[in-house]
Each structure stands twice: as structure tokens, then as C-alpha cells.
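The values are calculated or read from the model by the stated rules, or taken from the named source; none is laboratory data. The model shown is predicted, which means the values in this text are computed figures rather than measured ones. In this analysis, Cβ positions are derived from the backbone assuming ideal geometry, glycine residues included, and neighbour counts consider all displayed protein chains. The area values use the complete protein model at the heavy-atom level, side chains included, leaving out ligands, DNA and RNA. Shrake-Rupley method; radii C 1.70, N 1.55, O 1.52, S 1.80 Å.
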Amino acid sequence: MQNELVKNDVVKKDVVKNLSRIILFGACALLTVWPGLPQTLAAQDNFSPAPLAGARRITLRQAVALALENNRDVLLAEVAVARAEAEHREAESVFKPQVLVGTGLAATRGFPLSIEGSAPSIFHIAATQALFNPNLKNVARQAGQMREATQRSLEAKRDEIIAQTVLTYLDLDRSRRSLEYARSQRQNLLAAERIVNERVQAGLETPLERTRARLQTARSRRRSVALENQVAMLEFTLRDLIGVPQSEAILTETAQVPGAGLGANRMDATVEEATADETIERAVHNNEGIKSLEAQVRAREFQVQSEQGTRWPRVNLVGQYGLFSDINNFSDFFRKFARHNATFGISVVMPVYDRARFSARLSKAEAELAAARYRLSSARAGIDRQVRELMGETEQQAAAQEVAQLELELARSSLDATLAQYEEGRINRLALEQARFAENESWLNFLEVGYQTERARLELLRITGEIRAVFQ
């Protein structure tokens, strides 16, 4: 009899303890009831991780700005632009005067031979400038288009880094919140497992139910471990993207991706306002990758014209001055010696026969032009396909998000009803823990569906070339 009283007293204390925790949880749940999605996302702040000591809080826009400033891939693309700019200036330099100054002073024996094409001199100046050269002119134009293509590739890389940063940031924030719910869910399952063990020991449940409860707890632990590893990897990736030391802890804030096809001033509209054809046309027109390929096609066209221009005459402006010395025996081999000597005129070179080389180089240039055009056509078709797929996925995810939201509302309402029944003594604690488990499961599903929706919208923004207008 005394043991029975002790057992009842323990059970009462356990009930009071869990009832207090349940009431606190129910109060938090009532405070976070929402009429729609924005309020739902705001309610999630109740489950945000505890701030880390010395952690740095970074907003989504700050993360994007840091990524554009510090990311290695962006910096490497900027170096490629600088190199392309230098190559363009080098190609154009042949149409500007080039002046060389030097000396060819040397001791001679017999007839004074030339040094690098010039007679031995104390001081000489040589100048040259291309006046008419279709080959080199088109080479310069090709270099200019390649510079344009490289610049467009830089912009495309920036868009890509922005998309990666935003996606990683959102995934990290979502994973941290999911981890909190998974840990709460595991506590519910541990409590349910203890209840099942008590019922099995009391002969109210079969040992199979205990095994089933342990299985659910193990699955919950597996999910928590997976989320912990995912959070750690996402933190590493985000710090690497934005150039923050790996030893520095960072905190994120809840953010959303505005709808694609809206412009910077219409971030709160919906994707459905633009048709697929309009979105495709905008994507083809604005996509930096497409613009880069178009510039490469123009560059290859100039390359073909450059090879065709090798059959035309080349006209150069040339000039030369030399200060001679008689120690080189000029007076012995020429009728008159002059210290100051100058030449100024035009050099004309006419190709006569170079058919094999010309034909081979022209065929190569035409093949490269055809390949560039095929790549451009393939990229445009890919944009068409991706936009249609993403718009369909966005619509599908929006429907899935509505379902997930309703399921979450139902789970929370069911939890409230279960809590009321438990307080009235109409159901046992196991039913309450199962209701709390179902609500946490609904939260996890809601977060995952929301993340997939954001991912599709983000990719659509990148393809349409509007991502920087939204996040910068």
C-alpha cells in the first residue's frame, strides 16, 4: 500500500511538471497564431537559436555585399576582365605611333653591316604606325568583343554568387530552425517512449509498442544529427562565400525571396503576373550569360573577317633617324658621308601567294564561329526550358506551401484541443506527446516546403537577370 502511494505521488509530480511545460508551450502557441504566411514566418522567431557569445549578426543584404566584395570567384573574374582589357589595348596599339630609341654603335671592319636591320649608329630613332591593315583591324575588334564577353561573364558570375549566397543564407536559417524543431520533437518522442515503457511494464501495451517507440526516437535522433551536420556545412559554405574567417560565428535573420519578374519596386507582387513567354523574353534579353555568348559570336565573326583581311595590302607609316660616326668606315665605302640621316615614308606590302595557310586559318575561324553560334542557340533554348520548368515548379511549390500551411494550422489546432482534453483528464499524456510530435513534424514540413519555394523563385530571379536589382 505504501509503495502504491509513493508511486502515485511520483506520477502526480510528473504530471504537474509536464503540465506546466505543456501550458507554457500552449501559451507560446496561442501567441503565434497567424492569419497568413507572413505572420507564420514571423511566428518562427519564437524558435530561433540562442545567440552565440561574440557572434556576428549578418543580414541577407550584408551577406550579398560581402560576397560581391570578397568572393574569390568574383575576384578571379575581375582579373580576367582586366586581362581582356589589356589585350584589347595591345591589339589597338598597332594603329598608334610606336617609337623606339636606341643605339647601334659598334666597331666595324670592312663594309659596315647592319645591326637589327639598321646601320651602326651612335643614336637612332625608329617609328612605325599601321595605316591600313584589315587583318589587324579586325583582330582589334575581336579583342574588343572578347573584352565585352569577359565583362558579361563577370556580371554572370556576380549573379551566380549572389544566388549561391542567398540560397546558402536561407538554407542555413531554415536548417537552424528545423534543428530546433527536430530537437523539440526528439524530446517529445523520448517522453512518449518513457510513457510506453511504463505502460508495457504495467501490462497495458505489448513489447512491440516499446520497440516502435524506440524506433521513432532513433529516427528523430538521426534527423537531428543530419541537421547538425548540415548546419555546420552551411555555416562553412556561407563564411567561405562572403569572405569571413572560419573561426568567426555568424547569426542569420529570417528573410524572403521576392517574386521574379517584378523589378526592384514590385518585390511584393506574385510571379503569376507575368506569362511564361514574357518571362522568357525578359530572361533572354537580360541574362548576362546570353549576352556573353552573343559577344563571343561577334568576336568570332571579326576573327573570320580578320583572316579574310590577310589577302588585302597592308600600309604602314614608317620613319627612322640615325646619328652616324665615321669610325664605322662609312666614308671608305660611300661617296659621301653624312652624320645626320633620316627616312620617312609609307611601307606597302601586297600578299601574292599564301593560299594553303590562308585557307586553313579561314576554315578554322569559320568552324569556331559556327561552334559559338551553336552554343548561343543551345543557351537560349536552355533558358526557355529552365524558365518554363521554374515557373511550373514555383506554381507547384506555392500549392504545396498552402497545403503545408493548412496542415500546420490543423496540427496546432489539434494540439490545442488535445491540451484541453488532457487538462480535463479525458486523455493520457501519451496522446498529448503524440500531438506535439505531429505539430513539430508539420513545422519541419512547412519549413522545407518554404525553402523549396524560395529556391525556385531565386533561380528564376537569376535567370531573368533581376537578382541584383532585388538584393543590392
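Note: relative contact order over the stretch 53-159, using C-alpha pairs below 8 Å and six or more positions apart, is 36 percent. If amide hydrogens are placed 1.01 Å from N in the peptide plane, which non-local residues have theirs closer than 5 Å to the one on Glu205? Correct list: Val200.
Would you tally the net charge around Ser175, using a Cβ to Cβ cut-off of less than 11 Å, leaving Ser175 out, and scoring K and R as +1, D and E as -1? Don't jump to the answer; show the numbers that get you there.
Working: positive: Arg174, Arg176, Arg177; negative: Asp171, Asp173, Glu180, Glu228, Glu235, Glu448.
Residues near Ser175 contribute -3 overall.
Positive-end ranking of Ala156, Gln201, Leu215 along the dipole of the stretch 126-215, with charges on Cβ about the Cα centre, is headed by Ala156. Tell me the Kirkwood radius of the stretch 67-213: reciprocal of the mean inverse pair distance over distinct alpha-carbon atoms, in Å. Averaging 1/r across every pair of different Cα atoms and inverting gives 23.4 Å.
Using the Cα gyration tensor of the stretch 361-472, with a ≥ b ≥ c the square roots of its eigenvalues, what is the shape: rounded (a/c below 1.5), prolate (a/b larger than b/c) or oblate (neither)? Cα axes put the stretch 361-472 in the prolate bin. Given the pairs Lys96/Lys291; Lys96/Lys137; Lys137/Lys364, which span a C-alpha to C-alpha distance of over 23 angstrom in this model? Going by Cα-Cα distance, Lys96/Lys291 fall outside the 23 Å limit. Computed from backbone phi, the HN-Hα couplings of the stretch 337-342 come to 9, 10, 6, 9, 9, 9 Hz, rounded to whole numbers (Karplus: 6.51 cos²θ - 1.76 cosθ + 1.60, θ = phi - 60°; Gly and Pro given as x). The charge dipole of the stretch 332-461, taken about the Cα centre with unit charges on the Cβ atoms of Lys, Arg (+1) and Asp, Glu (-1), comes to about 2120 debye, rounded to the nearest 20. The alpha-carbon of Lys157 sits under 12 angstrom from the alpha-carbons of these aspartates and glutamates, leaving out residues fewer than 8 places away in its chain: Asp73, Glu78, Glu288. Peptides 354-364, 399-409 ranked from most to least packed by the mean count of surrounding Cβ atoms within 10 Å: 399-409, 354-364.
Surface exposure of the stretch 52-101, expressed per residue as accessible area with a 1.4 Å probe, stands at 66 Å².
Peptide packing for 315-325, 341-351 was compared via the average number of neighbouring C-beta atoms within 10 Å per residue; ordered from the highest value, the list is 315-325, 341-351.
Counted residue by residue at 0.36 nm each, then reduced by the alpha carbon distance between them, the extension gain from Leu76 to Glu278 reaches 69.3 nm. For Ile250, nonlocal amide neighbours, meaning residues 5 or more places apart or on other chains whose placed amide H falls under 5 Å from its own, are Arg56.
What is the packing order of peptides 240-248, 193-201, 287-295, taking the mean over residues of other C-beta atoms within 10 Å and listing the highest first? Please report the intermediate quantities before stating the final value.
Working: 240-248: 14.3, 193-201: 17.2, 287-295: 21.1.
Going by the mean number of other Cβ atoms within 10 Å, highest first, we get 287-295, 193-201, 240-248.
Other residues with beta-carbon under 15 Å from the beta-carbon of Ala163 carry, at +1 per Lys or Arg and -1 per Asp or Glu, a net charge of -2.
Shape summary: the stretch 83-150 maps onto an equivalent ellipsoid whose semi-axes, from the alpha-carbon gyration tensor, are 37, 12, 9 Å in decreasing order. Rounded to the nearest Å, what's the spacing between the alpha carbon centres of the stretch 162-234 and the stretch 284-316? Just the number, please. The stretch 162-234 and the stretch 284-316 have Cα centres spaced 59 Å from each other. The Cβ shell under 12 Å around Ser413 holds other residues with a net charge of -3, Lys and Arg each +1, Asp and Glu each -1. In the stretch 317-387, the C-alpha radius of gyration followed by the widest Cα-Cα span (Dmax) gives 28.0, 83 angstrom.
Between the residues Ala417, Leu444, Gly345, the greatest Cα displacement towards the positive end of the dipole of the stretch 340-472, with unit charges on the Cβ of Lys, Arg, Asp and Glu, is found for Gly345.
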